[in-house]
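Down below is the structure, laid out as structure tokens.
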Amino acid sequence: MLQRISITRPLLLTLSLTAFALLGGCAVNPVSGDQDFVLMTEDQEIQAGKRYHKEILKQYKVLENPALQDYVDNIGQELARQSHRKKLPFYFTVLDSPEVNAFALPGGYIYITRGIMAYLNSEAELAGVLGHEIGHVTARHSVRQQSTSQVTGLLGGILNVATGQDANRGLFSQVGFALSQGYGRDHELEADKLGAEYLARIGYSPDSMIDVVTVLKNQELFERERAKTEGRAAQTYHGLFASHPSNDKRLRKVIKAAKKFQTGQDRDIGRDTYLRKIEDVLFGQNSDDGVVRGNKFYHASLDASLTGPEDWFIENASDRLIFVAPKQDALIQVTLKPRGESESPQEFLEQHLKRRELQDTRTLSANSMSGYSAVATVDKTPFGKRKVRYSVWLRNEFAWIFAATTKEHVDFELLDPKISKTVSSLKPLNSAERKLAEPVKLKLVRAKSSTTYKKLAQDSPLPSYAESRLRLINGQYPDGEPQAGELIKIVQ
């Protein structure tokens, strides 16, 4: 949860490699050879890319790691020189975001997050992600036979999805994983085919593209298992592959077709090289967002800690914190808003809720703070029309606003003690908590014969599903184990 209170939240997790590309003028498609007719020229495409690039950088921070930026750019440029649009300038940017995502804008602007890089395990896999995005651009998937105005509107809508600008702004944002829907199987396979071709042309095995899709498939499998445990519906990757990617006949066919472009140069996948490049990169939220550890939340710059109900998990979005019951049948949301200088907690909450009728009002006091609480009926919550318990603390320059509700009406009163305990847990950080407020980073260790992910998980700061997450970031989900002598990633 950031101090940038006014911005909309980004996607929590994006499991598809989305991309946007424009076709310029009436010309032969460089990939298919077909005659295409659209009204947007390549110059207009490049200008649109520049414009949307600025918008992306308003929503995302660029990762402050020049060496890693150069590393990604060098691989991307090498691939782009093999593409069907060699004359188009390409720009590659690593974003400081925990989202598992990569996407492209018109004009050759390609983005990859540190979030997805944490789950890749070789230079060849990185090249596969970048090659896939370049493939979407060179195949011009998004706007064939579209006018300039239609394209601009389309891109604006897709960009809103990519940056979360269309996220539900009701009482609670959508809990779980937000997904982009991709282009559909035919276009995704074409992008995989082109990406595999570009891999082959610079010496990597086209089979690395299967490894990339497997990263996404494993995310889907993990989400399904997590949803089953939490008693909710799974929010998954857009489902291009019902089975494991290595068994998908169409994918195997396009990978096989790319092998004719191999040059005889047998390039190493660069596993250890890649891992050393991403060592010490943040994993999960950065310090600006605060850090979640189990059912506790720590934020250094706000000098604040919060403790949720013991068996609940926490979704840490950029503009809100959400404590979620195990079966997602109850929620406590926390947001920040600048406070007025002369407002009392009661005045602030009444103004915040405007004309709603308030019931069961209470004056609050805890940890040298004054607060106020009331119940209001809200028409639109994730569960429909429900009672919501609002509480507010005026602390330093911010008002901390808590809003809680339940799926079942009968559970609302039963939730009240947990709400009160969570609301009253807001307090300054102590010296031990300041250390816990530091974000975690990717670290490398050399596995021993006795090393297992279960043992590593016991000492891991990961807030939940630590054993599964360690397998995921090492490409050994669901039941793989490290081999003795192997370099593996942990989180510290």
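The values are calculated or read from the model by the stated rules, or taken from the named source; none is laboratory data. All figures in this text were calculated on a predicted structure; none of them were measured in a lab. Neighbour counts are summed over all protein chains in view; Cβ atoms, including those assigned to glycine, are modelled from backbone coordinates with ideal geometry. In case anyone asks, the SASA skips ligands and DNA or RNA and just uses the protein heavy atoms, side chains included. Shrake-Rupley method; radii C 1.70, N 1.55, O 1.52, S 1.80 Å.
Please enumerate the residues belonging to the range 325-338 that are open to solvent by 20 Å² or more (accessible area, probe 1.4 Å) and polar (S, T, N, Q). Passing the criteria: GLN328, THR335. Among the residues here, GLN69 does not qualify as open to solvent by 10 Å² or more (accessible area, probe 1.4 Å), over 22 Å from the mean Cα position of the chain (by Cα) and of a type in the set (S, T, N, Q). Any residue at all in the range 221-234 that's within 30 Å of THR335 (Cβ to Cβ), touching a residue at least 60 places away in the same chain (Cβ under 8 Å) and in a loop (DSSP other than H, G, I, E, B)? Within the range 221-234 (the criterion being within 30 Å of THR335 (Cβ to Cβ), touching a residue at least 60 places away in the same chain (Cβ under 8 Å) and in a loop (DSSP other than H, G, I, E, B)), the answer is yes, since at least one residue qualifies. Restricting attention to the range 432-455 and to residues that are assigned to a helix (DSSP H, G or I) and under 17 Å from LEU470 (Cβ atoms), the residue that is least open to solvent (accessible area, probe 1.4 Å) turns out to be TYR453. In the range 56-71, the residues that are in a loop (DSSP other than H, G, I, E, B) reach residues that are surrounded by 15 or more Cβ atoms within 10 Å (Cβ to Cβ) and of a type outside the set (Ser, Thr, Tyr) with C-beta atoms within less than 6 angstrom, at least six apart or across chains, in these pairs: TYR60/LEU95; LYS61/ASP96; LEU63/VAL94; LEU63/ASP96; LEU63/ARG114. Here GLY76 meets the list (1) part of a loop (DSSP other than H, G, I, E, B); (2) open to solvent by less than 20 Å² (accessible area, probe 1.4 Å); (3) at pLDDT 85 or above; (4) more than 26 Å from SER287 (Cβ to Cβ) almost entirely, failing just condition (1).
Taken over the range 83-102, residues that are open to solvent by 60 Å² or more (accessible area, probe 1.4 Å) and either under 19 Å from the mean Cα position of the chain (by Cα) or among the polar types (S, T, N, Q) (or both) amount to 0.
The sole residue among SER373, SER365 that is open to solvent by less than 20 Å² (accessible area, probe 1.4 Å), more than 29 Å from the chain's Cα centre (by Cα) and polar (S, T, N, Q) is SER373. Restricting GLU341, GLU350, GLU357, GLU315 to those that are over 30 Å from the mean Cα position of the chain (by Cα) and surrounded by 15 or more Cβ atoms within 10 Å (Cβ to Cβ) reduces the list to GLU350. Take SER425 and tell me if it is under 30 Å from ALA374 (Cβ atoms), of a type outside the set (Lys, Arg) and touching a strand residue (DSSP E or B) at 6+ places or on another chain (Cβ under 6 Å). So SER425 passes the test. Got at least one residue in the range 388-399 being within 29 Å of the chain's Cα centre (by Cα), surrounded by fewer than 19 Cβ atoms within 10 Å (Cβ to Cβ) and not in a strand (DSSP E or B)? No: zero hits.
Taking the listed residues ILE255, ILE322, ILE278, the one that is open to solvent by less than 30 Å² (accessible area, probe 1.4 Å), under 30 Å from ASN367 (Cβ atoms) and at pLDDT 85 or above is ILE322, with no other qualifying. Annotation: of all residues in the range 335-386 being in a loop (DSSP other than H, G, I, E, B) and of a type in the set (A, V, I, L, M, F, W, C), the one that is nearest to PHE412 (Cα to Cα) is PHE383.
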